[in-house]
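Worksheet: the structure to be examined is printed underneath.
The values are calculated or read from the model by the stated rules, or taken from the named source; none is laboratory data. In this text, all values refer to a predicted model and were calculated from it rather than measured experimentally. Glycine also receives a Cβ, built like all others from the backbone with ideal geometry; neighbour counts cover every protein chain displayed. Ligands, DNA and RNA are excluded from the accessible area calculation, which covers all protein heavy atoms including side chains. Shrake-Rupley method; radii C 1.70, N 1.55, O 1.52, S 1.80 Å.
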Amino acid sequence: MIYTVTLNPALDRTIYVDSLRVSESNRIRREERFAGGKGIDVSRALVELGTPSVALGLVGGFDGKELEGRLTLEGVDCRFTRISGETRTNIIIQDIAANSETALLARGPTVGPHELMDFIALLESLPDLDFAVISGSLPPGLTPAVYRRIIEIATLRGARVLLDTSGDGLQQGILARPTVIKPNRAELAEFAGRAFADIPDIVRYCRTLLDRVATVLVSLGAEGIVLVQPGRALHARPPQVEVKSTVGAGDCSVAGFVHGLVKNLDETDCLRWAVAAGTAATLCPGTGLCRRPDIDGLLPRVAVAEVTA
Ligand SMILES: Nc1ncnc2c1ncn2[C@@H]1O[C@H](COP(=O)(O)OP(=O)(O)OP(=O)(O)O)[C@@H](O)[C@H]1O
Ligand SMILES: [Mg+2]
């Protein structure tokens, strides 16, 4: 079974106003609520791909229950660990007239060490952990060493691990040798401490990471994804599309790649699935993720080429 890990999930509350006026009262026209979080989005995209997964993570309070209930209604299997703090709520204000979005992002509840250990105990007890997908930021109270520990546990149990995070989480997590990492270009530049001139430059740098990671995927927005493994480097590009929203594109790419891996497709095809699912996410407006018919239409249009570097 694939387990996704979201340690800092959120309830996203989208509020629609005619025209946002700061320092004045604004009447709300409409409200929507979604369960959010990067690992959760991977699980959601996997539902669309027809690949089973279970979402793990930390939830608390009334909003935590609401998040779990919403995912259950969507058909996303979850097995969350309860914490005493309240799950955070992000507020997204949609200005209808200006067609603009203002986001107010909450930090999340502080997680206690005993709550972390409840999560670890669950992870250690899973009888069918084949693949762990660890995505997103850490909540207050947890340190990047937690990602390292989760990867160690999953690896000891014989599972493959994909780590999609940035900053210290990536710096620490990579020490536990995840199977795959998927930074975007900016996250890789931050990790490397330098900018990259071009794709061969990215490939040369990624090769220096192959002592710690078997597969490095670097997502490049409209330029697709670069895959670097010992002995090969591939660049997959999507066709040009009319982009509605890039929200969740990276998470859909992760889902596409993992879907290919668990279906035992060869890595070139896994890469195609990653690009097709990521680009499919850009065809859905707002927070909408990828849709299967869009992915199926995009798959044959993804161009894969070897990179000489
Ligand atoms: N403008 C675009 N046009 C076509 N495809 C896109 C575009 N932006 C993103 N994608 C697709 O989505 C994939 C992942 O995008 P990106 O590199 O932006 O991920 P990310 O920065 O990790 O995103 P996220 O913010 O969701 O974490 C790309 O590899 C590509 O397939
Ligand atoms: Mg990302």
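At a glance:
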read-out: Tensor-based shape of segment 42-118 (alpha-carbon gyration tensor, a/c under 1.5 rounded, otherwise prolate or oblate); value: oblate
read-out: Nearest-20 debye value, the chain charge dipole, Cβ charges on Lys, Arg, Asp, Glu; value: 180 debye
read-out: Residues with amide H under 5 Å from that of D77, placed H, sequence gap 5 or more; value: S53, A55
read-out: Added length on full extension, which subtracts the Cα-Cα distance from 0.36 nm per residue, A197 to K263; value: 20.3 nm
read-out: 20 Å cut-off, amide nitrogen to a point 7 angstrom out along S100 Cα→Cβ, residues in segment 253-290; value: 286-287
read-out: Candidate residues S84, S253: accessible-area rank, largest first, probe 1.4 Å; value: S84, S253
read-out: Alpha-carbon centroids, segment 28-54 and segment 173-242: separation in whole Å; value: 25 Å
read-out: Residues whose placed amide H lies under 5 Å from that of V161, excluding near-sequence neighbours; value: A132, T179, V180
read-out: With all protein chains modelled, accessible area of S166 [1.4 Å, Å²]; value: 50 Å²
read-out: Per-residue SASA entry for D211, accessible area with 1.4 Å probe, Å² rounded to 10; value: 90 Å²
read-out: Karplus-derived HN-Hα couplings along segment 246-263 (A = 6.51, B = -1.76, C = 1.60, θ = phi - 60°), whole Hz, x at Gly and Pro; value: 8, 4, x, 4, x, 5, 5, 4, 4, 4, x, 5, 5, 4, x, 4, 6, 8
read-out: Hull shadow area, averaged, the chain [alpha-carbon convex hull, nm²]; value: 16.3 nm²
read-out: Which of G158, A121, L138, positive extreme of dipole for the chain (C-beta unit charges); value: G158
read-out: K65, K182, K263, reordered so the largest accessible area comes first (probe 1.4 Å); value: K65, K263, K182
read-out: Dipole of the chain, positive direction: furthest Cα of N26, L283, T14, with charges on the beta-carbon; value: L283
read-out: Residue order for Y16, Y3 - accessible surface, 1.4 angstrom probe, largest first; value: Y16, Y3
read-out: Under Karplus coefficients 6.51, -1.76 and 1.60, residue-wise ³J(HN,Hα) of segment 44-59 in Hz, glycine/proline x; value: 4, 5, 5, 4, 4, 7, x, 10, x, 8, 10, 8, 10, x, 10, 10
read-out: Gyration tensor (alpha-carbon) shape descriptor, segment 90-204, a/c threshold 1.5; value: oblate
read-out: Within the accessible area of segment 1-150 (1.4 Å probe), percent carbon and sulfur; value: 52 percent
read-out: Residues whose placed amide H lies under 5 Å from that of K244, excluding near-sequence neighbours; value: L283, C284
read-out: Whole-Hz couplings from phi, Karplus 6.51/-1.76/1.60, listed for segment 185-192; x for Gly and Pro; value: 4, 5, 5, 5, 5, 5, 4, 7
read-out: Whole-number accessible area per residue in Å² for the chain, which is evaluated in the context of all protein chains at 1.4 Å; value: 44 Å²
